[in-house]
Structure formats: structure tokens, C-alpha cells
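Q: One structure, pasted below without further comment.
The values are calculated or read from the model by the stated rules, or taken from the named source; none is laboratory data. Computed from a prediction, not measured in an experiment: that's the story for all the values here. Cβ: placed from backbone, ideal geometry, glycine included. Neighbour counts: every protein chain shown.
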């Protein structure tokens with residue numbers, strides 16, 4: 001067989017079922033090998049979107065997603081999604097083509113140093129220089145991609161290596177096991193937690209990568225400890241739980257930060273400094289415990305005094321066994337904060353206005369969406385509102401990115417999530433800015449025959465940056481743009497377009513879309529004036545003496 005066929009066989013051996021991407025001239029041997037393979041090629045309309053889809057595949061399955069691009073501009077279009085996977089801890093194999101490396105008649109046409117470009121943003125990047133090395137490189141790439149912290153790896157397949165003959169065989173598949181914390185480390189940390197007067201539990205990104213829900217729930221139920229999450233740890237434990245203080249959607253000044261400032265010990269489960277800080281470690285007297293698969297990366301705002309490294313589930317089970325039952329509930333202050341959050345964040349909304357305010361929008365969607373549904377959030381002002389006001393009920397039910405925090409990911413992520421969860425309701429929530437960065441993937445979704453709803457929040461500008469401008473006291477400038485007729489735009493792809501034009505219409509329309517086949521887009525005008533009123537003025541005026 002040739003190198004391209006051997007690469008495809010190696011991917012099949014790893015259990016790969018789908019490859020996302022856009023092939024080019026340099027990938028034709030690989031494409032021909034895929035033609036007779038069990039692997040399905042998902043042709044996307046942009047390489048960046050292919051990378052987002054493959055990263056989501058890795059995020060939700062725990063096994064590397066795979067995507068494909070050609071050399072030069074195809075490879076450079078991967079850079080954003082490679083970075084997305086790197087910071088977000090998502091295992092992905094990025095495959096790119098290249099001109100022949102032994103003899104080429106095209107000079108330097110389209111050639112850049114792709115391996116060098118990928119070096120700082122991947123866990124591993126290699127040019128394949130001989131067909132016989134393919135099985136070992138693929139096995140190593142998959143192993144490296146899933147090791148904590150998971151992330152992207154890259155292989156470059158030149159044309160002449162793809163055509164080169166080889167008799168090599170694929171390697172047996174094995175997966176690394178996370179380390180286990182020792183009994184002395186468990187005992188030391190358990191003693192610190194047990195002596196705390198007001199300990200808090202933080203659930204962060206790494207806790208959302210593996211099945212940690214049961215271990216966290218058992219720990220919370222056994223000890224009575226109150227908890228909150230980062231944006232990327234949202235939903236690992238049901239946010240309707242009576243010990244939940246919600247999500248640290250902001251870095252400071254919110255109601256949950258009153259609880260954080262009252263805590264004397266904070267147990268950070270799965271925290272990673274690539275996420276926007278859920279709180280700032282500037283207060284004397286608080287002790288922070290880093291509980292994760294890997295050691296902490298220290299910086300100015302995160303310098304934990306204690307670390308316990310190993311499998312999160314095993315660590316939590318061991319700690320729970322060493323702590324007295326129902327002993328970590330605190331002095332009653334956290335319960336008062338929880339009630340304040342219920343009243344001021346999750347409160348019943350007044351009659352709906354038009355255009356919709358963010359609180360009204362989030363409340364109505366939460367009331368309609370089934371418990372096992374999936375929201376894919378693009379990046380914009382609404383992401384903060386959903387992180388803060390939308391209560392997630394299970395792990396990975398709210399897919400957002402608070403690491404690279406790139407615009408344009410919402411729709412591609414929703415497509416991959418729906419492919420993996422065909423029986424669950426999936427909604428992509430996108431701003432008009434982020435949606436237009438990868439809106440061409442509407443055609444991909446239609447072609448795949450998916451049932452998917454896109455809720456497009458239209459404010460004809462960059463709403464989050466407006467909020468930041470206002471918070472800094474600056475004059476609004478440079479953030480407005482025009483938009484197409486989104487209903488007709490959706491219909492041009494073969495999707496169904498809808499527009500909300502009056503108060504109270506969204507609920508009925510969303511239910512209709514969720515229960516109808518095909519791709520639906522709902523154009524919804526949003527009034528973001530509440531950004532300043534609630535997230536700046538109201539929070540500045542609140543009192544933590546509750």
C-alpha cells in the first residue's frame with residue numbers, strides 16, 4: 001500500500017469515524033484512500049470551521065477529532081481552531097498536505113513552514129518524511145493528544161510520501177491512565193479542608209473533560225460543601241442543586257464573589273489559568289488548593305498554596321472518605337448568598353418587552369429547553385448572560401469557549417454536537433458578528449440533513465466591546481455594521497428562516513423550530529442596554545453584607 005492508504009488505515013485503527021475539512025491538490029492520494037475507507041469525510045466550507053468541529057468531537061468524546069487541509073492557505077486557516085483546541089484542552093489531530101519534499105517542479109509556490117508555524121500552538125507537530133514511519137507517528141500523535149492536558153497535534157503529509165510504498169503495519173492502541181494521588185497528599189489536604197470554617201468548591205474546565213459528575217456530586221452530598229463553577233466547568237454538577245452558587249461569569253464584583261471573599265479555603269477542581277480568572281487571589285488569609293490532573297501554572301492571579309495531582313474522581317473519593325459528613329456547610333453566609341443569587345440572578349422575569357433584554361431571553365430559553373439539551377454559545381455579550389443566568393443541568397450541556405474565546409465557533413460546534421447527539425435538541429446561540437464569520441457552514445448543516453436551530457441575536461454591532469467601552473467611560477465608536485436579511489439568507493442555503501417581531505413571540509417560535517426537522521434560523525433583535533445597568537451599575541451598588 002502507499003503512504004496515504006497506510007495513514008487512513010492507521011486512523012481506522014485508532015477508531016476514527018469522521019474527518020472534517022477541505023482537501024486540496026496535495027491531499028488527492030489521501031482523499032482517494034478515504035473513498036474506500038470506513039471513515040466519513042465531512043466536507044466543510046472553511047478550514048477554521050472544520051477545526052472547530054473536530055475540536056468539539058474531541059471535547060465530547062475524549063478521543064481526538066481529526067480534520068484535513070491542504071498546504072499553505074489551507075493550513076494557515078487552521079491556526080485559529082488549533083489555538084482554540086490548545087487553550088480549551090481539546091484533543092485533535094490536524095492533517096495538512098505539502099508539495100513533494102524530495103523533488104518538486106513548483107519551486108516555493110504556496111510553501112510555508114507549516115510545521116514551524118504549528119510548533120508553538122500544538123503539543124506535537126511532525127512532517128512525515130517516510131511512509132514506513134506513519135503507523136508510529138499516528139499512534140504517538142493520538143497518545144500525546146489525549147494526555148493531560150489534552151490538545152492539538154499536527155502531521156504534515158507531503159505528496160511524494162503519500163505515494164511512497166510501504167509494508168508497515170499499524171500499532172496496537174493503548175491509552176494512558178492518569179496518575180493517582182498518594183495517601184499522604186490526600187491526608188494533608190483533607191486536614192486543611194476539615195479545619196476550614198467556610199470552604200468553597202470551584203468546578204472548572206478539566207472537570208468537564210472526563211466523567212467526574214458522579215464523584216463531584218458524591219463529594220458535595222457527603223460533605224455539604226457549597227460550590228460554584230467557571231464558565232467551562234458549567235453544568236458538571238446540576239446548577240439547580242441546593243448547594244450551587246452558580247457560575248463565575250465575571251471575574252469580580254458579582255454576588256458569587258461575596259461568597260468567594262468570605263471563604264477561607266477554596267478547592268479548585270480542574271482549574272487552568274487559560275480560563276479567564278473566576279476570582280483574583282489578592283486577599284490575605286485565603287488558602288487555595290489546586291486539585292487537577294496536572295500541576296498548576298502560576299501567575300499573578302493564581303498561585304495556589306497546596307496542590308494534589310492525580311485522577312480527579314479518585315482524589316475526590318479519597319478526600320470524601322477522610323472528611324466528616326455534612327461538616328463543610330460553613331456558618332450560614334453561603335446560604336444567604338445563594339438566596340440573593342436566586343432573587344437577583346435567577347429571578348422570575350417581568351412581562352417581556354421588545355426588543356428582548358438578555359435576562360428575558362435567557363429565562364425564556366431555559367424554560368423551553370429540555371434538561372438534556374445542548375446550547376452552543378458563540379462569543380459575544382450574550383455568552384456572559386447565559387453563563388451567569390442560564391442554569392445548566394448536566395455536563396457539556398452548555399458548550400462555550402472561555403479560553404481562546406474566539407468568535408465564529410458557535411455554529412460549527414453545534415453541528416459537531418448534533419452529529420454526536422442526534423436525539424438531543426441542539427441550539428446554536430450566535431451574535432450577528434460571530435455568526436457571519438462562519439455562516440457558510442449553514443450549507444454544511446443542511447447537506448448533512450441535521451435538525452438544528454440557530455438563534456441569531458442581532459444588535460447590528462459588536463455588543464461586548466460596546467459594554468467594555470461603556471465600562472471604561474469611553475465614547476462609543478467603531479463598532480457598528482450592517483447585516484443581510486437573515487431570513488432570506490438562511491433560505492438561500494435551504495434552511496428555514498424566521499424573525500421575531502413582537503414581544504412573547506420567541507417562545508412559540510423556538511418550540512416550533514425544536515420540534516420541526518431541518519435547519520432553522522431565528523432572527524431576534526436584542527436590547528443590550530441592560531449590560532451597563534445590571535452588569536456595571538447594579539453590581540457596583542450591591543452590598544456583600546447580606
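Q: Within region 115-138, how many residues turn out to be in a helix (DSSP H, G or I), farther than 28 Å from residue 297 by Cβ and touching a helix residue (DSSP H, G or I) at 6+ places or on another chain (Cβ under 6 Å)?
A: 4
Q: Can I ask one more? Considering only region 289-314, state which residues are touching a residue at least 60 places away in the same chain (Cβ under 8 Å), assigned to a loop (DSSP other than H, G, I, E, B) and within 22 Å of the chain's Cα centre (by Cα).
A: 293, 294, 311
Q: Right, next: Which of the residues that make up region 192-234 are modelled with pLDDT of 95 or more, part of a loop (DSSP other than H, G, I, E, B) and in contact with a strand residue (DSSP E or B) (Cβ under 9 Å, 6 or more places away or on another chain)?
A: 196, 197, 198, 204, 225, 230, 234
Q: Answer with yes or no whether residue 525 is farther than 14 Å from residue 364 by Cβ, assigned to a strand (DSSP E or B), in contact (Cβ under 8 Å) with a residue 24 or more places away in the chain and assigned by TED's automatic domain parsing to the domain that holds residue 459. Show your work before the answer.
A: On the way: farther than 14 Å from residue 364 by Cβ: yes; assigned to a strand (DSSP E or B): yes; in contact (Cβ under 8 Å) with a residue 24 or more places away in the chain: yes; assigned by TED's automatic domain parsing to the domain that holds residue 459: yes.
When the stated conditions are applied, residue 525 passes them.
Q: Residues to consider are 462, 411, 456, 479; find the one that is modelled with pLDDT under 95 and crowded, with 20+ Cβ neighbours inside 10 Å.
A: 462
Q: Now for a separate question. I need a count of the residues in region 6-19 that are in a helix (DSSP H, G or I) and surrounded by fewer than 22 Cβ atoms within 10 Å (Cβ to Cβ).
A: Selection size over region 6-19: 3.
Q: Let me ask something additional. Is it true that residue 282 is assigned to a loop (DSSP other than H, G, I, E, B), in contact with a strand residue (DSSP E or B) (Cβ under 9 Å, 6 or more places away or on another chain), free of Cβ contacts under 8 Å to residues at least 40 places away in the same chain and outside the structural domain of residue 508 (by TED's automatic domain parsing)?
A: no
Q: Same structure again: Exactly one condition in (1) touching a residue at least 60 places away in the same chain (Cβ under 8 Å); (2) within 25 Å of residue 271 (Cα to Cα); (3) surrounded by 14 or more Cβ atoms within 10 Å (Cβ to Cβ) is false for residue 344; which is it?
A: Among (1) touching a residue at least 60 places away in the same chain (Cβ under 8 Å); (2) within 25 Å of residue 271 (Cα to Cα); (3) surrounded by 14 or more Cβ atoms within 10 Å (Cβ to Cβ), the lone unmet condition for residue 344 is (2).
Q: Out of the helices (runs of 4 or more DSSP H) lying entirely within region 20-114, which hold 3 or more residues that are more than 29 Å from the chain's Cα centre (by Cα)? Walk me through how you get there before you give the answer.
A: Numbers: elements: 28-35, 47-61, 73-76, 79-88.
It comes to 28-35.
Q: The conditions are (1) surrounded by fewer than 24 Cβ atoms within 10 Å (Cβ to Cβ); (2) farther than 26 Å from residue 234 by Cα; (3) out of contact with any helix residue (DSSP H, G or I) (no Cβ under 7 Å at 6 or more places or on another chain), and residue 141 fails exactly one of them. Which is it?
A: Single failed check for residue 141: (1).
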